[in-house]
Amino acid sequence: MLYECQPEGKVRCNLCGRRCLIPEGSLGVCAARKNVKGKLFTLSYARACSIDVDPIEKKPLFHFNPGSQVLSISSPFCNFFCRFCCNWIISQQRSTTQTHEMPPASVVNTAKRLHCAGISYTYTEPTTFFEWAYESAKLAHECSMFNTFVTNGYLTPEAVDMISPYLDAATVDFEGAGDPIFYKEVMRVPSVEPIYQCLEAMKSNNIHIEVTNLIAPRIGDSDEKLLKLACWIIGNLGEDTPMHLLRFFQGGDMFEVEETPTASIEKARKICCEAGLSVTKWELRDDMTCPKCGTKIAIKGKYHGSTSARLKILK
């Protein structure tokens, strides 16, 4: 999906913001797509490398179908190269040798068998297994299940438009408050602009959005940039858009930076007026209003009950 033929047998991939121009016989930057005689093929279709059942709050999605369980799936590959990636073993895999086949029908049947309310395409970057996610999401909707992406936000507006009929919610991950230098030096990402374009496309397609921001000490914890990001979110996505602040933990090959102090998270919380990493209790009426004052709360979907109750069912 989403490629254009170019002169001399090359193809341009329009799936992510890199828009790779790929010569015949070569791979795109993500290594998930290959030019074979002037046609672009996906190497990640139905190749599962990780599967699990998660509470929706783990994504994190706190204002979308609270208390529900989702089947989380992924394929190898990524279009980012974050030095701190906690899933680097699968995201930086450059082949499908350590995967097994899982067609879309199997994805949906597994979700139904495990009593999941929806499917989350996560762990690595769902953009790189777009066709598998697209067809699985389409089948999921036919079975009254929702679909969510946990993404770095590098989908092109064309990709967002294509998946939007079947994508209900997305967690879009920022790192270092979107600092372009941080993205270039630590993640090998040439520009952050495609992320903002992706978010605006999601907003216009009525996809529920929640934003995360990783706060890395010294190199990605600018108060000024965090405030700028929060203001952009409020101005462009709306003041009801949840923003989650994440601690940095050493991972990948990035051990020269210490873990984020709690004080830094508390300070960031004051700047953004938004926080939350775990759910201890839900107190909601079925119509998503406050049980005390009756105020309507900006939550999409329906209340599925407490996470702990759902986990007991799975056990």
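Of the candidates GLU210, GLU200, the single residue that is within 20 Å of CYS16 (Cβ to Cβ), at pLDDT 95 or above and either hydrophobic (A, V, I, L, M, F, W, C) or outside any loop (DSSP other than H, G, I, E, B) (or both) is GLU200.
Residues that are modelled with pLDDT of 90 or more, assigned to a loop (DSSP other than H, G, I, E, B) and more than 25 Å from VAL29 (Cα to Cα) do occur in the stretch 214-237. Of the residues making up the stretch 22-39, those that are of a type in the set (A, V, I, L, M), in contact with a strand residue (DSSP E or B) (Cβ under 8 Å, 6 or more places away or on another chain) and under 27 Å from SER72 (Cα atoms) number 2. The set of residues in the stretch 208-220 being closer than 24 Å to GLU57 by Cα and crowded, with 21+ Cβ neighbours inside 10 Å consists of HIS208, ILE209, GLU210, VAL211, ASN213, LEU214, ILE215, ALA216. Of the residues GLY294, GLY276, which is in the same structural domain as ARG218 (by TED's automatic domain parsing), in a loop (DSSP other than H, G, I, E, B) and modelled with pLDDT under 85? One residue alone meets the criteria, GLY276.
Please determine whether any residue of the stretch 70-78 is touching a Gly at 6+ places or on another chain (Cβ under 8 Å) and of a type in the set (A, V, I, L, M). Yes, the stretch 70-78 contains a residue that is touching a Gly at 6+ places or on another chain (Cβ under 8 Å) and of a type in the set (A, V, I, L, M).
Rundown of residues vs (1) of a type in the set (D, E, K, R); (2) under 17 Å from the mean Cα position of the chain (by Cα), yes/no style:
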{"position": "ARG12", "(1), (2)": "yes, no"}
{"position": "PRO23", "(1), (2)": "no, no"}
{"position": "LEU40", "(1), (2)": "no, no"}
{"position": "LEU43", "(1), (2)": "no, no"}
{"position": "PHE62", "(1), (2)": "no, yes"}
{"position": "GLN69", "(1), (2)": "no, yes"}
{"position": "PHE80", "(1), (2)": "no, yes"}
{"position": "ASN87", "(1), (2)": "no, yes"}
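State whether the residues of the stretch 119-127 include one that is part of a strand (DSSP E or B), in the same structural domain as SER68 (by TED's automatic domain parsing) and in contact (Cβ under 8 Å) with a residue 60 or more places away in the chain. Yes, there is a match, as at least one residue in the stretch 119-127 is part of a strand (DSSP E or B), in the same structural domain as SER68 (by TED's automatic domain parsing) and in contact (Cβ under 8 Å) with a residue 60 or more places away in the chain. Filter the stretch 161-194 down to the residues that are more than 24 Å from ILE265 (Cα to Cα) and part of a loop (DSSP other than H, G, I, E, B) and list them by number. SER164, PRO165, TYR166, LEU167, ASP168, ARG188, VAL189, PRO190, SER191 - these are the residues of the stretch 161-194 that are more than 24 Å from ILE265 (Cα to Cα) and part of a loop (DSSP other than H, G, I, E, B). When residues in the stretch 112-140 are screened for being closer than 16 Å to SER68 by Cα and either over 19 Å from the mean Cα position of the chain (by Cα) or of a type in the set (Asp, Glu) (or both), 4 of them pass. Restricting the search to strands (runs of 3 or more DSSP E) fully inside the stretch 33-84 and requiring at least 3 residues that are surrounded by fewer than 24 Cβ atoms within 10 Å (Cβ to Cβ) and touching a residue at least 24 places away in the same chain (Cβ under 8 Å) gives 39-42, 50-55. Given the condition in a helix (DSSP H, G or I), of a type in the set (Asp, Glu) and over 26 Å from ILE56 (Cα atoms), answer yes or no: does some residue in the stretch 245-255 qualify? Looking for residues that are in a helix (DSSP H, G or I), of a type in the set (Asp, Glu) and over 26 Å from ILE56 (Cα atoms), one finds none in the stretch 245-255, hence no.
The values are calculated or read from the model by the stated rules, or taken from the named source; none is laboratory data. This one's a predicted model, so the numbers in the text were calculated from it and none came from an experiment. Using ideal geometry, Cβ is built from the backbone for each residue, glycine included, and neighbour counts are taken over all protein chains shown.
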